[in-house]
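The values are calculated or read from the model by the stated rules, or taken from the named source; none is laboratory data. Given the structure is predicted, the values throughout are model-derived calculations rather than measurements. Using ideal geometry, Cβ is built from the backbone for each residue, glycine included, and neighbour counts are taken over all protein chains shown.
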Amino acid sequence: MDLLIVFAKCLVALLIVLQVGVLLLWVERKGSALIQDRVGANRANLFGGILPFNLGIVNTLMADPLKLFTKEDIVPEGADRFLHWLAPFLALFPLFLTFAVIPFGDVLEIGGRTIDLQAVEAGPGILFVLALVSLGVYGVVLGGWASNSRYALLGGIRGSAQMISYEIAMGLALVAVVLTFGTLDLQQIVREQGKLMWGVVPAWGVFYQPLALLVFFIAGMAESKRAPFDLPEAESELIAGFFTEYSGSKQSVFMMADFVEVAIVAALVTTLFFGGWQVPWLYRDGFHLPGGLSIPLPSLLVTILGVLAFLVKLGIFCWLQILIRWTLPRLRYDQLMNLGWKRLLPIALVNVAVTAVLALLLQGWTVAS
Amino acid sequence: MTAFWILATLAVLSAIVTILHRSPVYGALALVQTLLLIAAMFALLDAHLVAFLQVIVYAGAIMVLFLFVIMLLGAEDEVRLEGRSALRLGALVSAVALAFELATVVVAKRVDGSALPASFGSTEALAERLFSRWALPFELTSLLLMVAVVGAVVLARRKA
Amino acid sequence: MTVPIGHWLALSAVLFSIGAVGVLLRRNLIVVLMAIEIMLNAVNVAFVALSRHLQSMDGQVIVFFVMTVAAAEAAVGLAIILAVFAQRRTLNADELGRLRG
């Protein structure tokens, strides 16, 4: 039974990440069209266009995968067949695993059981995330190398340098967050954010660690290799970078990995800085507004509200990333390195130092103490 | 026990692939596999933080650096394992001798796993040790890293 | 946890020897560096196993230091390899015997 519950939770986490990944593909199409004043995906209508509105979403959700998976899978001459096959999976698999430690809801009380809504209750969840993020780079590197193409190789080299550079700033931003909340457990971090500052404001990470949020968000976007950090796949310079030589289903796996990365950055930002599944002033027994007003709610409804809150926040940060991706131009490579090493890294370092000093001097400043 | 034998066999095999494969890229990948298996061994030995660090630092950073350099320099396969045959023979003989010697000094004792505190191998326990008893070596390590960074930058600059 | 400490130490010894053979056998500088990493890791296995055996965290602290040193070693080593390759266009240790560039 316990095994069944764990299995179900993993399935839910996987479904969330798959659904978000697929939906993002459509949101990106339509969103970019909106930003660029175009119509966007509007073909592949059903019923011969009788409907008054177009079903562009059908295009993306059904026609696109169908096209990609039926396309010929081309392996270029002189490529390393095994690594060429392996690389897409190495890019996608660690990302799926990352979602396993992200809490998507509070405890669910059903039939006398309390189930923590987190697929895997890993103690040091942040370390788990860091480990998997650091492994994600292999898909890019090997995809670039195995293709036996100059463009792909350049993309792979750029990708590896970019990702290890930004991992440092990302890790340091996480250190400040850990100092604030005093735990490595993601579910615990979310629980701590349910407290209130001065009895009014929810104790979300963003109010304690605005700088860490900034650094983490930028570094996270750089890790996901999308514009303005899309140098490993810069289409105007490298055709498609590390996946130039990929086609059909293998290419779609790389594309999927892109969107899953967006979802993971959004989920981590939500969890660490915006209270995860916490709804302000909502407790296990209902709302307790600062004015003294209380609205009792059943436990199940509270849990459902929490899951919805997580999904809404997730959606907002996915959208923010798509907005940035279609607004900012690509950085030059030296600008990319300057940003990572000369801006983000010092900011993150100072942030860690200041946080540590404050945590020592002002007992009670941190949420955990 | 089964877990140990599986991990140990795989780790030894992938370590052998690392040093014998002609292509440096495959060698590096086999080494990544070895490192991940060793991380699993650390977890088996209740050293959880060290296991995570092994993945983050070794597999995630150091090996990516290796692959980066291999790709940057162009990974040509070695035609054969060069080196004079006398050297190779010597290497094998001394390796077997070394393995034998190292393995025989080992006295097989059972690990008593009963009275282990719950916090063993946790981040808190390691940090406590690191920042009290080992504080000075820790600071020296940061000095070492600083020297390494400066050295690497100087080496990279001089070339240009 | 019923694996005798001897098994771990024997495994460590075997891995260390494999690394040593790699250093002696291979001429490609990058592969030699990778063999050194195997040796460092073999020692780490012994440290962690003994830390578990003696129920002392000190072994794990030392592993932490070994990892730091390995990172520094890899960074400097690879930087040297890049510099050497830029000068000599080879990674073969035997062809790098001449000291005068």
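Tabulated results
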{"item": "Per-region count, region A:129-166, residues closer than 15 Å to A:Leu97 by Cα, within 7 Å of another protein chain (Cβ to nearest Cβ) and either among the acidic types (Asp, Glu) or free of Cβ contacts under 8 Å to residues at least 40 places away in the same chain (or both)", "result": "3"}
{"item": "Wholly enclosed helices (runs of 4 or more DSSP H) of region A:150-229 bearing at least 2 residues more than 30 Å from A:Pro329 (Cα to Cα)", "result": "A:150-181, A:186-192"}
{"item": "Residue in region C:86-98 that is free of Cβ contacts under 8 Å to residues at least 24 places away in the same chain, at the interface with chain B (Cβ under 7 Å from one of its Cβ atoms) and crowded, with 21+ Cβ neighbours inside 10 Å present", "result": "no"}
{"item": "Count of residues meeting criterion [of a type in the set (Gly, Ala, Ser) and in a loop (DSSP other than H, G, I, E, B)] in region A:61-111", "result": "4"}
{"item": "Qualifying residue in region B:16-29 (condition: within 16 Å of the chain's Cα centre (by Cα) and within 11 Å of chain A (Cβ to nearest Cβ))", "result": "yes"}
{"item": "Matching residues in region A:246-284 - criterion: being touching an Asp or Glu at 6+ places or on another chain (Cβ under 8 Å) and without any contact (Cβ under 8 Å) to a residue 60 or more places away in the chain", "result": "A:Val265"}
{"item": "Unique match (being loosely packed, with under 15 Cβ neighbours inside 10 Å and at pLDDT below 85) among A:Leu308, A:Leu293", "result": "A:Leu293"}
{"item": "Among (1) at the interface with chain B (Cβ under 7 Å from one of its Cβ atoms); (2) over 21 Å from B:Gly151 (Cα atoms); (3) buried (at least 18 other Cβ atoms within 10 Å of the Cβ); (4) not basic (Lys, Arg), the one test that C:Met34 misses", "result": "(2)"}
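Quick grid of which residues meet (1) more than 7 Å from chain B (Cβ to nearest Cβ); (2) under 20 Å from B:Gly151 (Cβ atoms); (3) assigned to a helix (DSSP H, G or I); (4) among the basic types (Lys, Arg):
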{"site": "C:Ile38", "(1), (2), (3), (4)": "no, no, yes, no"}
{"site": "C:Val45", "(1), (2), (3), (4)": "no, no, yes, no"}
{"site": "C:Arg52", "(1), (2), (3), (4)": "no, no, yes, yes"}
{"site": "C:Ser56", "(1), (2), (3), (4)": "yes, no, no, no"}
{"site": "C:Gln60", "(1), (2), (3), (4)": "no, no, yes, no"}
{"site": "C:Val66", "(1), (2), (3), (4)": "yes, yes, yes, no"}
{"site": "C:Ala71", "(1), (2), (3), (4)": "no, yes, yes, no"}
{"site": "C:Val76", "(1), (2), (3), (4)": "no, yes, yes, no"}
